[in-house]
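The values are calculated or read from the model by the stated rules, or taken from the named source; none is laboratory data. Bear in mind the structure is a predicted one, so any value in this text is a computation, not a measurement. A quick note on method: Cβ atoms are made from the backbone with ideal geometry, for glycine too, and the neighbour counts reach across all protein chains shown. Accessible surface is based on the protein model in full, side chains and every heavy atom, while ligands, DNA and RNA are left aside. Shrake-Rupley method; radii C 1.70, N 1.55, O 1.52, S 1.80 Å.
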Amino acid sequence: MAEPWSSLAIVAVSIFVLIFMVLRWKVPAFIALLVVALATGIAFGAPPADVLSAVRKGTGEALGFVAVVIGLGAMLGGLLEASGGIGVLANRLLDAFGEGRAPWALVVIGTLVGIPLFFDVGFIVLAPLVITLALRAKRRVMYFALPLLSGLLTMHALLPPHPGPVAVAELIGTDYGLLAIYGLACGIPAAVIAGPVFAMLTQGQKGFGESGPPPRFDEEAPQLAHIGFVPALAGMLIPLSLILLAALASGILTEGPARTVLEFVGHPFTALIIACAFVGLWLRLRLDAPLQTVSDVMTRALAPAGLMVLVVGAGAAYKEVLIQSGAGAQITDAVSAFDLSVPVFAFLLAAFIRVVQGSATVAMVTAAGLAAPLITAAGLSPAQIALVTVSIGAGASIASHVNDTGFWLVKQYLGLTEAETFRSWTLSATIAGFVMFAMAMLLWQFA
């Protein structure tokens, strides 16, 4: 392994080269990520076989879940799109709240949905609604996407049952009740400022996508009979409701058949399959849609999903190489040299690891494990420990960029360029992280 500052230099150069390849040379992100992942592993002195093993491990672990969710979500979105269901939902939402208030409705939806749902699941299910709102209102897509994304992001970083907050709570002994209270107190203002407020203030700037349809909206795709508002809403809510029921069952019910059944049908895989089956059967049995047309719509929806899967897998491979290089631990040593308070140290540590290796969950777990001895030595109160947990989640939220799978998910699903994704999503995530941390430091005075 390289010396600490040499490791930091390698990481910095690798990220710079990756960004340069994608933005300047227009190398496809999938190829650029794989090339940089391999080159970074070799630069750290790892045997080529170990580098390839890390690439294979990172890709396999990410795609084992993400690929299935992306595929099923794309098919559900394709059915609702081709049948006019997303358009009906978007029209009702704009009619109910008005165009000016739609971002506020979306941040509420993102926050509520983000409590039980993983970031990628909630975004994949709701992304078609956001895109159709943008098309109908003739506004850039990120004007509506950022409020939704900010709500999903903050809840993913701060509240159980998400893996990052749960892992941190276990590692540093956080009280879950206090974490829920402080997580909401810090997360809601962050979602509002990074979402609708940021979108409204910067909507005229470059980086918010075009007002025209992104690649997913294919005008030549087969069209189905209009499904109507109620079945379209049901198709959207079925996966959300089932996953929420599973989360409640795991926390409330004791072990038994009822809990097992609810957890099974509420798994994202099963929930999305049930939703696809419901919409498909409704179109076939109630609207007499041809089976071949329904099949063609679902198959066609998988084409852009395949590209997303490859990019996400390559991003995970790069992340895994950085993790196995030991760069995160060496960054921790560098930060530890400074005399910082526990929440500031935890925030900076999580932020550095997040920037270096991409995964918010990995950043949170790593930061919590390394900060735990400091927390024990400082003799913090339960409320202060909860705020340290919030600080870790805040640091792990900033600077979503090319080594974060969420960056590529947002880019691909919303039809943005890499530069547009940096100017909108990356900046919004960074704002959310700093606002969460600022709120935690404000509340620290009273904890």
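So the values come out like this:
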quantity	calculated
Mean Cβ neighbour count within 10 Å, used as a protection proxy, ranking 393-406, 226-239 highest first	393-406, 226-239
In degrees, nearest ten, helix 48-82 long axis to first principal axis of the chain (Cα)	30
Note, ³J(HN,Hα) from phi for the stretch 265-271, Karplus 6.51, -1.76, 1.60, rounded to Hz, x at Gly and Pro	6, x, 5, x, 4, 5, 4
Additional length obtainable on full extension of the chain from Val13 to Ser250, 0.36 nm per residue less Cα span	80.9 nm
Fraction of accessible area attributable to carbon and sulfur, the chain (%, probe 1.4 Å)	69
Packing-based ranking, highest mean first, of 32-39, 152-159 given that Cβ atoms within 10 Å are counted	152-159, 32-39
Mean Cβ count within 10 Å, highest first, over the residues of peptides 123-134, 167-178, 427-438, 253-264	123-134, 427-438, 167-178, 253-264
Separation between Cα centres of the stretch 150-205 and the stretch 19-46, rounded to whole Å	31
Net charge of neighbours whose Cβ lies under 15 Å from the Cβ of Gln292, counting Lys and Arg as +1 and Asp and Glu as -1	0
Neighbour cut-off at most 13 other Cβ (10 Å), DSSP loop, chymotrypsin sites (Phe, Trp or Tyr not before Pro), the stretch 25-77	Trp25
Modelled FRET efficiency - R0 41 Å, Asp288 with Arg136, Cβ distances, 0.05 increments	0.90
Theoretical gain in end-to-end length, Lys57 to Met200 [0.36 nm per residue, Cα-Cα removed]	47.4 nm
Residue-normalised accessible area of the chain, given per residue in Å² at a 1.4 Å probe	40
Where Lys411, Lys57 fall by accessible area, highest first, once all protein chains stay in place (1.4 Å)	Lys57, Lys411
The chain, relative contact order in percent, only Cα pairs under 8 angstrom and at least six apart counted	24
Helix-derived mean residue ellipticity, 222 nm - over the chain, DSSP H n ≥ 4, -39500 (n - 2.57), to 500	-25000 deg cm²/dmol
Label-to-label distance, nm, for residues given as Leu281 and Arg101 (7 Å Cα→Cβ offset)	3.7
Cα gyration tensor shape for the stretch 73-182, rounded if a/c is under 1.5, else prolate or oblate	prolate
Inter-label distance for Ala372 and Ile274, nm, one decimal - labels placed 7 Å from Cα along Cα-to-Cβ	3.6
Chain lengthening between Val265 and Ser295 when straightened (0.36 nm per residue, less Cα-Cα)	8.5 nm
Under the Debye formula (equal points on every Cα, no solvent term), log10 I(q)/I(0) of the chain at q = 0.08, 0.11 Å⁻¹	-0.45, -0.86
